[in-house]
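Notes follow the structure.
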Amino acid sequence: MSRSANAFFVVLPILGCVVWFFVKVFQFQTSPEQYPDGMVILQLSKGWLEGRPYLFDTIYGNHARQHNYYFIPLIGIFTRPMGVNGLFMAYVCFVGLFFLISYRSFAGFNVAERRAIWLTALVYVFGPMAYFMYLDYFGWHPEQYFVPLLAFLALSLAQRKWTMFVVWLTLTFLVKESSIVLICCLFLFCSVVDRVILDPGKHWLSYILNKRNLTIAAVSVVLFLIGLWWLSYLNGSQSSRLNQAFSNTQFNRTFFYYLLFSLAVGVLTFGLGLIPFMPWLCAFPRRELVIGVLAGCYAVLFVMFATEALYYFPTIYPGISYPPRISGLWAFMFSAFIYLSYRVAQAGFTPGQNAISWVLAGCVLQFILGTFLVAHHFSFDTKPSTLSRNASYMIKSRFGFDPYPDGVARQLHGLAKAMPVGSEVIVPFQYLRYFERVYPSFWPENGQLPAHILGKPLMYIYIKGLVQNGAYHAFPDKGYTAIPNEQLLILADSSWYNQTFK
């Protein structure tokens, strides 16, 4: 690369990480969505560091009964000091580290190869599809980390760096119970690529049915079944999410539409993810076989995520297009590309001269189809008044580091910052986000106390109009002080409030 082009390509992922972080910060602070899943994942990540039960949250209780989320507590080193922003910071740190390592890893290849791989990785991670996946409208899910973790795993495997391979394999496996299926599909694809490179003249069946592939599949199936058994064991007599998903299924017209929509999303997403592979496969032997194996592994993942989505059936949208699910499919395609490009370039197969054109064409198609393929609840608003308001907020909030400059949000966020570590509060649903530093529960529709309170709440918050209508049926006993607010009835523990503010 020329010096100026090299500097330009190096700066792009740095700029992308900075923009990605602040986009998510402002989404959390300003969007009308409440991001309950983001608050749940925040609690799962840091609760064990603050004396709370492991994988316990105030919304679902023992979350270990729903998913094997054993990776997310490690992110507590980010979220304990940074709150919910730590979830996003951890992501961009993983992404930034990946680009740093991949820059060094591909340094030995020629200029055309390095540019094509680098630009492709940028489009996979920061392109239109990735944008809609990253802006997870329910807040955040551990599956978001599949993108960098699987890419790390593929790169370490391609380089045969076994120590780092074990590290990334362990971290990826701990993300969720479905992780092993993603890992299995990646390994099977990598195995076929390696065998084609070593000897491209064999019968196609020998690349698929061999001892190594059967071992990979058998070990993965066993680990997957162990993960499901563990969830069943934790649930005891209660039905697991998988059983509930199947029980929700009804073979009617709605189910037919669900399958049709899911297939359309799956096929188009695969097509978009496949485009960057084409320049590398043009000069590669047995490319039809490689594409077929890639499609077969993708189909397995598609069936898994579509089955997972049946938990919410008969909802068709979001279904398979829900960001945590489609992110898994996208992460697989990205990691498969990383492995293929490294091994193919290492073997001396050079991508075509039009590699960058393929990547840019794929990016344009992502821009056109992304809003259909990835579920979202937001739209682009370029009105001058909206842009001016957003810019004003950025300045007042010091780019998100001093959030909620005024109003009720400012008061509630300030109260949360003054509370002791591990405090619990009960608030109306729309005020959850302001209490990211502590552990909020929201009022159920029946107005009774929430089900997953561990101790004595430090604060109760009610909407005054609903209090007058008799919507709430649970009020604290003596020992609470009313904090002035025109819209809300705020009752704070008297001893804490007097000691802190008076």
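The values are calculated or read from the model by the stated rules, or taken from the named source; none is laboratory data. Predicted, not measured: the structure shown is a model, and the values here were computed from it. For neighbour counting, all protein chains shown are included, and Cβ atoms are generated from backbone atoms with ideal geometry for every residue, glycine included. Surface areas here come from the heavy atoms of the whole protein model, side chains and all, with no ligands, DNA or RNA. Shrake-Rupley method; radii C 1.70, N 1.55, O 1.52, S 1.80 Å.
Residues in region 438-452 that are open to solvent by 20 Å² or more (accessible area, probe 1.4 Å) and part of a strand (DSSP E or B): 1 in all.
Taken together, the residues in region 425-437 that are under 16 Å from Phe28 (Cβ atoms) and either touching a residue at least 24 places away in the same chain (Cβ under 8 Å) or assigned to a loop (DSSP other than H, G, I, E, B) (or both) amount to 8. Checked against (1) without any contact (Cβ under 8 Å) to a residue 60 or more places away in the chain; (2) surrounded by fewer than 23 Cβ atoms within 10 Å (Cβ to Cβ); (3) closer than 30 Å to Ile368 by Cα, Pro148 passes all but condition (2).
Looking at Val293, Val265, which one is more than 27 Å from Arg114 (Cα to Cα) and surrounded by 18 or more Cβ atoms within 10 Å (Cβ to Cβ)?
Numbers: Val293 fails: more than 27 Å from Arg114 (Cα to Cα).
Among Val293, Val265, only Val265 is more than 27 Å from Arg114 (Cα to Cα) and surrounded by 18 or more Cβ atoms within 10 Å (Cβ to Cβ).
Condition check for Val219 on (1) within 30 Å of Pro324 (Cβ to Cβ); (2) open to solvent by less than 60 Å² (accessible area, probe 1.4 Å); (3) among the hydrophobic types (A, V, I, L, M, F, W, C); (4) assigned to a helix (DSSP H, G or I): one failure, at (2).
Evaluate region 265-275: report whether one residue or more is under 30 Å from Val364 (Cβ atoms), modelled with pLDDT of 95 or more and among the polar types (S, T, N, Q). Yes, because at least one residue in region 265-275 is under 30 Å from Val364 (Cβ atoms), modelled with pLDDT of 95 or more and among the polar types (S, T, N, Q).
Counting only residues that are in contact with a Phe, Trp or Tyr (Cβ under 6 Å, 6 or more places away or on another chain) and either more than 15 Å from Val95 (Cβ to Cβ) or not in a helix (DSSP H, G or I) (or both), region 139-150 holds 2 of them.
Being over 24 Å from the mean Cα position of the chain (by Cα) and either aliphatic (A, V, I, L, M) or under 29 Å from Gly370 (Cα atoms) (or both) is the filter here; which residues of region 222-245 pass it? If the condition is that a residue be over 24 Å from the mean Cα position of the chain (by Cα) and either aliphatic (A, V, I, L, M) or under 29 Å from Gly370 (Cα atoms) (or both), then Val222, Leu234 are the ones that fit.
Results for (1) at pLDDT below 95; (2) farther than 18 Å from Pro484 by Cα; (3) in contact with a Cys (Cβ under 8 Å, 6 or more places away or on another chain), shown as yes or no for each residue.
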{"site": "Phe401", "(1), (2), (3)": "yes, yes, no"}
{"site": "Asp406", "(1), (2), (3)": "yes, no, no"}
{"site": "Met419", "(1), (2), (3)": "no, no, no"}
{"site": "Gly422", "(1), (2), (3)": "yes, yes, no"}
{"site": "Ile426", "(1), (2), (3)": "no, no, no"}
{"site": "Tyr431", "(1), (2), (3)": "yes, no, no"}
{"site": "Tyr434", "(1), (2), (3)": "yes, no, no"}
{"site": "Val438", "(1), (2), (3)": "no, yes, no"}
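Given Tyr312, Tyr298, which one is open to solvent by less than 50 Å² (accessible area, probe 1.4 Å) and among the aromatic types (Phe, Trp, Tyr)? Even if it seems obvious, please write down each step before you answer.
Details: Tyr312 fails: open to solvent by less than 50 Å² (accessible area, probe 1.4 Å).
Being open to solvent by less than 50 Å² (accessible area, probe 1.4 Å) and among the aromatic types (Phe, Trp, Tyr) holds for just one of Tyr312, Tyr298, which is Tyr298.
Please go through region 189-209 and pick out each residue that is part of a helix (DSSP H, G or I) and open to solvent by 40 Å² or more (accessible area, probe 1.4 Å). Don't jump to the end; show me each part of the working.
Quick first cut of region 189-209, residues part of a helix (DSSP H, G or I) only: 189-198, 204-208.
Scanning region 189-209 gives Arg195, Ile197, Leu198, Trp204, Leu205, Ser206, Ile208.
Of all residues in region 243-262, those satisfying the criterion of being open to solvent by less than 70 Å² (accessible area, probe 1.4 Å) and either more than 10 Å from Leu310 (Cα to Cα) or in a helix (DSSP H, G or I) (or both) are Gln244, Ala245, Asn248, Asn252, Thr254, Phe255, Tyr258, Phe261, Ser262.
Could you list, in sequence order, all residues of region 364-389 that are at pLDDT 85 or above, within 21 Å of the chain's Cα centre (by Cα) and not hydroxyl-bearing (Ser, Thr, Tyr)? It would help to see each step written out before you state the result.
The initial filter retains those residues of region 364-389 that are at pLDDT 85 or above, namely 364-375.
Keeping just the survivors that are within 21 Å of the chain's Cα centre (by Cα) gives 366-367, 369-375.
Hits for region 364-389 are Gln366, Phe367, Leu369, Gly370, Phe372, Leu373, Val374, Ala375.
I'd like to know if region 352-360 contains one or more residues that are part of a helix (DSSP H, G or I), closer than 25 Å to Leu466 by Cβ, open to solvent by 70 Å² or more (accessible area, probe 1.4 Å) and at pLDDT 90 or above. No, that holds for no residue.
Among the residues of region 476-502, those identified as assigned to a loop (DSSP other than H, G, I, E, B) and surrounded by 13 or more Cβ atoms within 10 Å (Cβ to Cβ) are Pro476, Asn485. For Met304, the stated conditions do not hold, so it cannot be described as assigned to a helix (DSSP H, G or I) and farther than 27 Å from Pro318 by Cβ. In region 95-120, the residues that are within 14 Å of Ala7 (Cα to Cα) form Cβ pairs under 6 Å with partners that are modelled with pLDDT of 90 or more and in a helix (DSSP H, G or I), at six or more places apart or across chains, as follows: Phe99/Pro13; Leu119/Val359.
Take the residues in region 315-350 that are under 30 Å from Val111 (Cβ atoms) and open to solvent by 30 Å² or more (accessible area, probe 1.4 Å), then tell me which one is modelled with the highest pLDDT.
Taking region 315-350 and keeping what is under 30 Å from Val111 (Cβ atoms), we get 330-350.
Checking which are open to solvent by 30 Å² or more (accessible area, probe 1.4 Å) leaves us with 343, 346-350.
Working: Arg343: 93, Gln346: 89, Ala347: 87, Gly348: 84, Phe349: 82, Thr350: 79.
Filtering region 315-350 for residues that are under 30 Å from Val111 (Cβ atoms) and open to solvent by 30 Å² or more (accessible area, probe 1.4 Å), the one modelled with the highest pLDDT comes out as Arg343.
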